[in-house]
Every structure is written in structure tokens, then in C-alpha cells.
1. Can A:ARG148 be described as surrounded by fewer than 16 Cβ atoms within 10 Å (Cβ to Cβ), among the charged types (D, E, K, R) and more than 10 Å from every other protein chain (Cβ to nearest Cβ)?
2. Restricting attention to the stretch A:22-38, which residues are under 26 Å from the mean Cα position of the chain (by Cα), assigned to a helix (DSSP H, G or I) and not small (Gly, Ala, Ser)?
3. Hey, any hits in the stretch B:113-136 for a residue that's of a type in the set (Val, Ile, Thr), over 24 Å from the mean Cα position of the chain (by Cα) and either crowded, with 19+ Cβ neighbours inside 10 Å or within 14 Å of another protein chain (Cβ to nearest Cβ) (or both)?
4. How many residues are over 14 Å from B:LEU218 (Cβ atoms), of a type in the set (A, V, I, L, M) and assigned to a helix (DSSP H, G or I) when one looks only at the stretch B:74-94?
5. Just one of the numbered conditions (1) in contact with a Pro (Cβ under 9 Å, 6 or more places away or on another chain); (2) buried (at least 24 other Cβ atoms within 10 Å of the Cβ) is not true of B:ILE56; which one?
6. For the subset of the stretch A:278-331 comprising residues that are within 14 Å of another protein chain (Cβ to nearest Cβ) and not in a helix (DSSP H, G or I), which member is modelled with the lowest pLDDT?
7. Mind checking whether some residue in the stretch A:90-111 is within 22 Å of the chain's Cα centre (by Cα), within 14 Å of chain B (Cβ to nearest Cβ) and buried (at least 24 other Cβ atoms within 10 Å of the Cβ)?
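The values are calculated or read from the model by the stated rules, or taken from the named source; none is laboratory data. Since this is a predicted model, take the numbers as computed values, not measurements. Every residue, glycine among them, receives a Cβ derived from its backbone with ideal geometry; neighbour counts consider all protein chains shown.
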Amino acid sequence: MTVMSFRMPRTGTPQILAFLAILLADRLVSPQFFDLRLQDGRLFGSLVDVFNRGAPVALLSLGMVLVIATRGIDLSVGAVMAIAGAVAASLVHGHSVAFALAAALGVGLLCGLWNGFLVAVLRIQPIVATLILMVAGRGIAQLITEGRIVTFSSASLAWFGNGSVLGVPTPVAITLGMLLLTLLLVRGTALGVLIEATGANARASELAGIGTSAVTIAAYAWCGLCAGVAGVISAADILGADANNAGLWLELDAILAVVIGGTSLFGGRFSLILAVLGALTIQAMNTGILLSGYRPELNLVVKAVVVIAVLLLQSPRLAGLGIWLNRKRTT
Amino acid sequence: MRRLLPVLVTTAVFVVGFMLCSLQFPHFASTRVVANFLTDNAFLGIVAVGMTFVIISGGIDLSVGSVIGFTTVFLAIAIERLGMSPWAAFAIVLVICLLFGAAMGAAIHYFEMPPFIVTLAGMFLARGAAFMISTESIPINAPLYTDIDRLTIHLPGGGRLPLIADIMLAVFAVGGVLLHFTRFGTNVYALGGSRQSTALMGVRVAPTIIRIYMLSSLLAGLSGIVFSFYTSAGYALSAVGVELDTIAAVVIGGTLLTGGAGYMFGTFMGLMIQGLIQTYITFDGTLSSWWTKIVTGFLLFAFIALQQILVRFAKRPATVVAGAVP
């Protein structure tokens, strides 16, 4: 783990530079961007907002990066968010918050296990396997909320969206906690290497004695759990569960965050920290466009341009060019 | 025969489902209901034809819903605000779609990027472009839009088959011929089987891939035109999520998502099954609309599981590896 954190700045230079550049651009459009103030024991400011609003996608990208590293993809995370939010909001009436929370996270985990089962045991292509839950998931969430937007007034559940821990907004603190937990689980053990091996060459890993099925299921299960956490946070944020709109299209943002974080969609090596940084970069872009007073519609176009740029940088053809340029520079 | 089995199962499910519905509701089996099926799903069917080509070639196109949205907004602005003749607007928007598809196909082929992510970028771009043009819903009042109502074919039994349903059926017919009886179609199947072998056989891969995505975007544009006929309006948020319905229709129709196998008729049946579910829910009246999603999801799972079993029997075991994306 220490080796990882040492290596990180070097491998992630472009991502960190891109994030800083976007923050600077935000500072240019809005002079108060870096201003922080403490009010009622909680930090406020545009920068805090970037982290706070970026928390759900950052959480999703934590799970997504593991799934993508196994050479998979999880399209269902947005729908899983909706289900988890619906469960939490419905159960908090008449049950304790701890129970509602445990049920929501449990449902997220269950959704992840289902996806993992389809991919690893039934050997269905990840895109299709998770498409099933993406399509059916919102229906299930609506079934739980009975088609209404279920609101709640439980202050302790709302704390997950609006509260603060030592001045830091709860969603940010939870995301940081999940990041550390994931790092510990994945980099503190051999699991991370096993995931990378499965993604790089599943056949060879299987022959080398790695339980690729178990590794794959674990990755999807973690992804489902992260989506569950993100679902609770976004339900707590609006004090209600909206089965139609909670987490809508966030799966695409999460995939984008992972790709911006430099993890290849073809599996193999991955970086958790850079994936989270990718999510924050996307949010910094969104916030910047909002602050600049441009129409928010511009957002999608900017996002598309960023995806294309990142993809071009990652494309095998251009990678060859990069190696060639590097060689020229060193010789 | 084994390849035909998924299509036969889909067809059987549709026929049995239709018969059960007819038993429950006496007026279900009428030309009116069937004509409504075709009309309400006309735009979906047109996109599904393009998606069938893309999926058989082993790719995926997530941009189609956004292209429909873009097309409707573009048409509304061009016809209503700029006073263009509808025909000129159709021609321009179809050319834009063709170029858009060509760009995506070229990116997929020349930069060796996964179709999923390229068309995802295309999805953002097309939807963003639609929003940039206008965020309002703009009604289209051109005379042509009211005139096409007169082209409705009246079926015996009171069914009315409007022009858009005819366009959809024609696109299915032409698409079927293109896929099953031309060299281009054979190349699409070959690409889905193995890109490398296809190249080694002497098929020119680059133009084939580019043409596949051009076709998909062109049909999405045509679908957008049909959608604007259907709603008589242009709106940037129209057809959100249609790409998923389309992929679901193609998969339920028995087309293998790994590419290389599938039939145009299967896609048609997949479309009809989705229409059947919606119509049943409308007829029943007590079921909520979210059941559509759950049943579609369940059918997706059932058909994919069936395919998986068939593939397992066709191949020797242990050739497919966990987590592998083709």
C-alpha cells in the first residue's frame, strides 16, 4: 500500500494536472471559487460543493473501477442507487435508521451479487448482464415506492446527505471512508492483483489457479454496495426517494470517471484514487459551467469533448505515437 | 436449426402471449390493436433495424436515442423558425446523421476504441447539440405534417395504418434484404464472427464498419423524422433511453450480443413482444406502467439465458472465460 501511494503521483500526473487546470479555470470564472467559510460547524464554498456534489459519482466510480479492471462493466449502478434509496426511504417509516440503512446497503450488495452471478457463473457478457438490472431496476424501485416519491423526515437519515463530520459534509466523509476501506481491502491484500490478473487475461489467471469467478463476483458485489451507499446519500440529500430520477445516467458518469482516471476499458491495471479524482474532475467541470453562467446544456457537449480527448490519448494507435515521442526525447 | 431456435422461441412467445391476451380481452385480436402496435412502436422499430446490423457486427450504438432527439429539434427549428421546406430539412438532417455515424465508425475502426465508449461520447454530443439548439418543445405546424394523415391505410375491422407504420415495415423489409441477401450483410455477419478472420479473408474492414454505423445513425435520423410526425413537435428530451429499449428488442429477438448471429425477423418479433407487454398493461388498467420495465428485464434475462444454454451446447465447454468482453 505504501508503494502504491508513492507511485501514485507519478502515474497520475496528467489526471492531477487536468483536475488542477479545471479548478483554476473555475477560479477564473468565479473569483470566490476557493473561498471557504465555516457556518454551523460545516464548511461551505464552491470547492466544498465540488466534493459534496461529486460524492455519489465518486462512490460509484470506486466500485466501477474494480468491475472495469476485471474487463467488465456495470450499467446498473444508477438503477441500484434508485432501489437502495427507495428501500431506505420506505423502511425509515416505522423502523430504526440503522435497520433501513442496513437493508438499503444489503439490497445494493444483493444487486451486485446478482450481476456477478450472471457474469461469472452464467457467463453472460457484462454489458448485457447488467443491462437487465438497468432496465428492470427502475421498475423494481417504483414497485417499492409504489410509483410515488417517498419522502421522509428522519433527521438521522437526512444527516447522511446534509450533515457534517468535523466540518466536512457527510457525503465527502463517507466517500473518503469508502475510498480508504476499498484501498485497504484491495491494495492491502492480494485482491487487487488478482482483479488485475483476471482482467488482463482471465484464461491464463484461471490456469494459474486464481478463482476468477469468485474475484469477478466480489468486484460486482462491491460495485453494488458502493451504489447502495450512493443511493442512500442521494435519497438523504433530497429527503426522499425518486425512483425515476435517482441516479439517472450516473452509470455513464461513473464509467467516464474511471476512464478519465486512466483505467482501460479492456481491463487490467486500475487506480482507485485516480478514478475518484476523475469523478471530481467531472463535477468540477459541471460546477464551473454552472458558475460561469453558460447554459448548463453546454455540459453534455463539454463532457463529450473530454471523453473523446481522453479516449484518443488512450487509444492503442496513439499510445504507439506516445512511446515513439518518449523514446525520441530520452535519446 | 439451432441458430433459428431463439427466433422461433421469440415468435412462439409472442403468439402464445397474443392468444392469452385475446382470451382475456375479447377485443384484443383486432386490426385496431395490431395497427396501434405498429404505429406506437414505429420509431423504435426503425432504430432497431439499424441496431440489429450494429449488434450482429459485434458492436453497440448508444447514441441512437440522442440522435432522434437531435433530429426532432433540428427539424422543428429548421421548419418553424427558419421557414425551410420540410423536405430540405429532412435531407439536411439525414446528411448530418450520416456524417455523424461515419465519424463514430471511423473512430471505432482507426483508433481501435471500444464501440461502447465511442457511441457513449456520441450520445452526449448529440443530446448536448440538441439542447444547444433549443430546450423547449417546439410544435411543428407545417402543412406536410397534417397532410400525411391522409395517407393512412384503412384496414378491414377499423384498423388504421398511418404512414409512419408503413415506413417502419418498409425499413424492416429493406433491412432484411440488406442483411440477408447482399454482400454487405454477409460482411456484417463475418465481422461479428471474427474481425481478424474477416480481414484475412480479404473483406475491407474499415468501410464495412464505417457503413454499419452510418446506417445506424441514418436510421436513427429517419426514426427522428418519424418521431416528429408522431408527436408533431421537436423536443431535445424526446426519446431518452430509447437505445436501451432498442437493444432489449434486438436481444429478445434472439440476436447474439457477441455478434455473428441473428435475424431481422427476430428483431421485429422482439419489438412486437415489447408492444404486446405495453398494450396488455394498457388493457388491464390496474397494472402500473413500471411492470413494463420489470417484465422487459425478465424477458431479457430469459432470452439471454436461453442463448447461453444454446451456445454452451454448440461449443465445447470452457471456451468462454469469466468477465470477457468480445
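1. Details: surrounded by fewer than 16 Cβ atoms within 10 Å (Cβ to Cβ): yes; among the charged types (D, E, K, R): yes; more than 10 Å from every other protein chain (Cβ to nearest Cβ): yes.
Considered against the rule, which asks whether it is surrounded by fewer than 16 Cβ atoms within 10 Å (Cβ to Cβ), among the charged types (D, E, K, R) and more than 10 Å from every other protein chain (Cβ to nearest Cβ), A:ARG148 comes out as yes.
2. Here is the first cut: in the stretch A:22-38, the residues under 26 Å from the mean Cα position of the chain (by Cα) are A:22-27, A:33-34, A:36.
Subsequent filtering for residues that are assigned to a helix (DSSP H, G or I) retains A:22-27.
Selection gives A:ILE22, A:LEU23, A:LEU24, A:ASP26, A:ARG27.
3. Here is the first cut: in the stretch B:113-136, the ones of a type in the set (Val, Ile, Thr) are B:117-119, B:133, B:135.
Subsequent filtering for residues that are over 24 Å from the mean Cα position of the chain (by Cα) retains B:133, B:135.
From what is left, the residues that are either crowded, with 19+ Cβ neighbours inside 10 Å or within 14 Å of another protein chain (Cβ to nearest Cβ) (or both) are B:133, B:135.
Yes, there is a match, as at least one residue in the stretch B:113-136 is of a type in the set (Val, Ile, Thr), over 24 Å from the mean Cα position of the chain (by Cα) and either crowded, with 19+ Cβ neighbours inside 10 Å or within 14 Å of another protein chain (Cβ to nearest Cβ) (or both).
4. Within the stretch B:74-94, the first condition is being over 14 Å from B:LEU218 (Cβ atoms), and the residues that meet it are B:74-89.
With of a type in the set (A, V, I, L, M) added as a condition, the list becomes B:75-79, B:82, B:84, B:88-89.
Narrowing further to those that are assigned to a helix (DSSP H, G or I): B:75-79, B:88-89.
Qualifying residue count for the region: 7.
5. For B:ILE56, the exception is condition (1).
6. Taking the stretch A:278-331 and keeping what is within 14 Å of another protein chain (Cβ to nearest Cβ), we get A:278, A:282, A:285-286, A:289, A:294-322.
Still in the list and also not in a helix (DSSP H, G or I): A:294-297, A:315.
On the way: A:TYR294: 77, A:ARG295: 75, A:PRO296: 73, A:GLU297: 75, A:SER315: 66.
Only one residue fits best here, namely A:SER315.
7. Residues of the stretch A:90-111 that are within 22 Å of the chain's Cα centre (by Cα), as a first pass: A:101-111.
Going one step further and asking which of them are within 14 Å of chain B (Cβ to nearest Cβ), we end up with A:111.
Okay, now just the ones that are also buried (at least 24 other Cβ atoms within 10 Å of the Cβ), so A:111.
Within the stretch A:90-111 (the criterion being within 22 Å of the chain's Cα centre (by Cα), within 14 Å of chain B (Cβ to nearest Cβ) and buried (at least 24 other Cβ atoms within 10 Å of the Cβ)), the answer is yes, since at least one residue qualifies.
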